[in-house]
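Participant: Take a look at the following structure, please.
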Amino acid sequence: MKKYIFLVLMFLPVLAYADDNPMGLYKDNYILFGDNKDQVKFVISAEYRVSHSFETNWLKNFYVAYTQVSWWKVYNNADTFSSNYQPEIFYRLDLKKDSPKGNIFEKIDYIQLSPIYHSSTGTEGSDHRSVNEYYAQIQSSMGAVHNFGLNLKLFGYWYKNPNNKDINKYRDNYESDLFYKYKYEEKDVIYNAYEIHIRNTGNPFDKGYYMLEGALQLLHTLPKIKPKIFVQYCGGYGVNMVEYNIKKREFRVGLIFTR
């Protein structure tokens, strides 16, 4: 079964980039490899615009999305999974795309609101972890070629499973992403040639975690699909819901596909 997940991961970018397709990549899709301790991590994430048939711009922005973050202990025939399953519903207003030039919202990329975001481990018993959240997210950036920006997400809880009722001690109620992207244009499509991200939730020097990421474009020949070499280092609490209250450090290198 697990071998087919790699096939899905490989072909998802092709499906998502089909012309006039309401389905697309959502969060970063990647596969990473670490040492014997960290092993393999991969993410599959896609969104579907449920209101794509509406003619009014602001009505076209309702989405459903699914993200799966998995840690795969495949070295030495271990062959075990730990996953976070994350379905959600949201409304995204693309202000930079839909607003006229010179508008006060020109520096805001988008605002995203979700009434329900679910995250769980999919397990039973004492290892089960789950939360239901609501959130508001905003991203602002500037620079056409050298693009600097900040993404800020504020969230609250509808529900916390009894097994992780203290999870907010390790996360607080926000996530942030400070980033830099070098962009170039190819056949009227803008790509990120390379990018750097500094992500965190909570206080990374106490509870919470930080994540340092860098991506460099690998191939220029494939149409629309631009895989990148991807490096990820993270440390702190809550990266994996099963071990949300255990402090960890992880380092991996692999390939990433971005939306």
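Participant: For the range 216-236, give me the residue count where each residue is at pLDDT 90 or above and either in contact with a helix residue (DSSP H, G or I) (Cβ under 9 Å, 6 or more places away or on another chain) or in a loop (DSSP other than H, G, I, E, B) (or both).
Facilitator: Selection size over the range 216-236: 1.
Participant: Quick one: Lys181 ticks every box in (1) over 15 Å from the mean Cα position of the chain (by Cα); (2) more than 24 Å from Ile256 (Cβ to Cβ) bar one, so which box is it?
Facilitator: That leaves (2) as the condition not met.
Participant: Tell me, which residue of the range 240-259 that is at pLDDT 85 or above and in contact with an Asp or Glu (Cβ under 8 Å, 6 or more places away or on another chain) is nearest to Val40 (Cα to Cα)? Show your work before the answer.
Facilitator: If we filter the range 240-259 for residues that are at pLDDT 85 or above, which is where we start, we get 240-256.
If we keep only those that are in contact with an Asp or Glu (Cβ under 8 Å, 6 or more places away or on another chain) too, we end up with 242, 245, 250-252, 256.
Numbers: Val242: 16, Asn245: 21, Glu250: 11, Phe251: 10, Arg252: 8, Ile256: 13 Å.
Restricting to residues being at pLDDT 85 or above and in contact with an Asp or Glu (Cβ under 8 Å, 6 or more places away or on another chain), the top hit is Arg252.
Participant: How about the range 237-257: which of its residues are assigned to a strand (DSSP E or B) and either closer than 13 Å to Asp206 by Cα or of a type in the set (D, E, K, R) (or both)?
Facilitator: At the first step, the residues of the range 237-257 found to be assigned to a strand (DSSP E or B) are 248-257.
If the condition is that a residue be assigned to a strand (DSSP E or B) and either closer than 13 Å to Asp206 by Cα or of a type in the set (D, E, K, R) (or both), then Lys248, Arg249, Glu250, Arg252 are the ones that fit.
The values are calculated or read from the model by the stated rules, or taken from the named source; none is laboratory data. What you are looking at is a predicted structure, and each value in this text was computed from that prediction instead of being measured. Virtual Cβ from ideal backbone geometry, glycine too; neighbours counted across all protein chains shown.
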